[in-house]
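In what follows, a structure is listed as structure tokens, so that the remarks can point back to it.
FYI, it's all coordinate maths here, none of it is from the lab. From a predicted model like this one, the values you see are computed outputs, not experimental measurements. Cβ coordinates were reconstructed from backbone atoms using ideal geometry, including for glycine residues, and neighbour counts include every protein chain displayed.
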Amino acid sequence: MRGWATDSPPIGAAVHPAQSAAMPLPALPARLLRPLGLAFWPLLLALLLAGGPAWAAPVQLLTQARMLPLVPGQAADWNRATPVQLPDDWATSRPAQQGVVAYRLALAAPAADAAGSTLHGLSIERACSVLAVWLNGQMIHDGGRFDEPVSRQCHRPQLVAVPAALLQPDGNVLELRIRGYALAEVSSRQRAGGLSAVVFGAFDTVAAHHARQLLFAIRLPEVLSGALVLMGSFMFVMGWFNRAQSYLAYFGALMVGWSLLLARLWASDLPVSNGTAELVLASLMAFITLATVQFLMRYAGHRLRWLDLALPAQCLLMPATLLALGPQRLQMASSLWYAALSAQAVAAAVFYLVQARRQRSRLVWPMAALLGVVAVSLLVELIALGWRLDSRVVHVAQLLPALGFLALGLRLVQQYGRAFQTAEQNRAELEVRIREATAQIERNFAQLSELKVEQVTDRERKRIAADLHDDLGAKLLTIVHTSDDQRISTLAREALEEMRLSVRGLTGKPVKLIDALGDWRAEVVMRLQQSGVQGEWSAPSDDEVPQTLSSRAYVQTTRILREAVSNIIKHSGASQCTVRCTIDNGDFQLVVQDNGKGIPTELDGRLDKGHGMASMKGRAKQLQGQCLVESGPGYGTVIRLTLPLEQHTTAR
């Protein structure tokens, strides 16, 4: 041991006699126990399981001492010592105290030790932050480093063997030196300096009691920390690779963060100074709050973008604030931050419970119980700051949230496993159905091959039309509405119209001629207006058009009309276009006339060359009609389409 612990204390100053009976603890008000509700019963159950008689043999409980702060480089002047009663909590009795403090206690030799054969021991439940012990001027215990980085053993019970050879029958002087920190320099009151009452007795008796204390204070936190890290890492990986269940990643991060928080109970020899360790511990709460809030929000089915930015920023802001205020204001700044973080966690918990209640979630009550256990545990720790509770109550309160997290983690993993198993079963069932459907399709094709060619052709047309409409049509429509390129959007729209026209032709569904005229008028007028060409449309009234046009005639006529309008827009340079529809002597006549530049003389008088003229005439011929083109340079163009209605229409 280095520093303060190297000097042997002088003997000779008067000390107060030791007390042999345990001091009674003040009872808590009943109004503080009532709000704990059912969530407090796990604490009581754990205490019963860990209970039993405190001492199997008589012991001395040393509660009277003299306290003297030690100054570096100066001899200890015990005439200036102050009488104190143990336990001595610096956060309450002397918040500004820091450095090394010596406590002297009087220790009477037990009568049974006259032969010098009985091994005795000291049990010290709390010595914060590090402890060294002398008996009659001889060092009998070295608890760790007194210089930075100081050993952090605030939560570790100390067991000191007392050699029988050092005990004097006429009285003994027991000196305990503590290196502690002022309340302002720590982020929690539990890590401010202090010394508990000292128990002296037979070593076996003291060691058995110390083993129970060590179990709750150190061993169980170590086990739970490891379990939280393992399960938390596993859940984080699951949530990371399954973004639809991102709440698993946040809950895993919460478990890992809580395991690091539990490590403060058992991690004693850290390679950093107290100020750095306290800053990291305080900042860890911001990370835990981030994981808690995001887990509750995501599990409730809500994702807020501003939270995704604000919570990580808060994780950076908190340590920056603590660094800016300095180590002398660490406790004050941490307390303010803890209040703000607690409010955030409570708000997220309330929001989740409300949403889960509305959705009738199965986990609403288990989650409410877990949140209640965490709240009760924190309440017990807060009460312990003002009242002297049984240490087992505090220890169990520190462990219950970790147990709750493990239980909920197992539940979430089980839930995820069941969902995965169900998905696999559904996939297997889908594969079976696909195989059955495939076999059925093959049988259908075998049956189709035995049917007439016309029936097969008709069915295939309908199937192809449905596929075009449902698949290609949907994709083209998506391109029309999402493309930022106007040209691509226009091409997709034109392709969509052509596809719809093809589908109508494949389905073979007849179209009322009056409806066809309306469709043609809307399309022609719109295209001409978009191109800056003045359009004029004339057609018979509803009473004059009783016919229903076949789908084939409708499709071919539409394409002829589109080709004619496209030629006007692209090649004619016309400023005006007239479209006239008439019914005369059983024929449907469509005349498209423009005032453009006409068809150039380069075509050698053959008007069916170029600009799709041949395709228009070919389509008209397929319908047993004719398409005539009249044009000359500078005189515009006239296209006359004549179709025999008796071959392509039916009466309504």
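Odds and ends about this structure:
- Cα shape, segment 114-237, gyration tensor, a/c 1.5 rule: oblate
- Whole-Å distance, taken between Cα centres, linking segment 255-311 and segment 218-240: 14 Å
- Cα gyration tensor shape of segment 316-389, rounded if a/c is under 1.5, else prolate or oblate by comparing a/b with b/c: oblate
- Classified by the C-alpha gyration tensor, segment 60-183 has a prolate form. Its axis ratio a/c, with a ≥ b ≥ c, is 1.5 or above, and a/b is larger than b/c.
- Averaging Cα coordinates gives a centre for segment 504-579 and one for segment 345-373; these two points are 63 Å apart.
- With R₀ set to 45 Å, the beta-carbon distance separating E148 from L363 gives a calculated FRET efficiency near 0.45.
- Segment 554-599, Rg to Rh (Cα coordinates; Rh as Kirkwood inverse mean 1/r): 1.03
- Computed label-point distance, nm, for sites A407 and T582 using a 7 Å Cα→Cβ extension: 9.2 nm
- Based on C-alpha pairs under 8 angstrom that are at least 6 apart in sequence, segment 258-364 has a relative contact order of 34 percent.
- Here V432 and Q138 are evaluated by their C-beta separation; at R0 = 60 Å the FRET efficiency comes out at 0.15.
- Cross-link check: pairs K570/K621; K509/K570; K512/K621 evaluated at a Cα-Cα cut-off of 27 Å; pairs beyond the cut-off: K509/K570.
- Tail fraction, Cα-Cα pairs, segment 296-352, threshold 12 Å, whole percent: 72 percent
- One Cα centroid belongs to segment 55-86, the other to segment 113-176; the line between them spans 13 Å.
- Put a dot 7 Å past the Cα of A208, heading toward its Cβ, do the same for E442, and the two dots end up 7.9 nm apart.
- Virtual spin-label span in nm between A164 and F241, 7 Å along Cα→Cβ: 6.3 nm
- Nearest-0.05 FRET efficiency for L215 and W306, computed from C-beta distance (R0 35 Å): 0.20
- Relative intensity, log₁₀ I(q)/I(0), of segment 236-301 from a Debye sum that treats every alpha carbon as a point, q = 0.19, 0.20, 0.22 Å⁻¹: -0.73, -0.77, -0.86
- Zero-based 5 Å bins, Cα pair distances in segment 372-447, whole percents: 3, 13, 12, 10, 8, 7, 6, 6, 6, 5, 5, 4, 4, 4, 3, 2, 1, 0
- Hull-based mean projected area of segment 159-226, where the convex hull spans the alpha carbons, in square nanometres: 6.8 nm²
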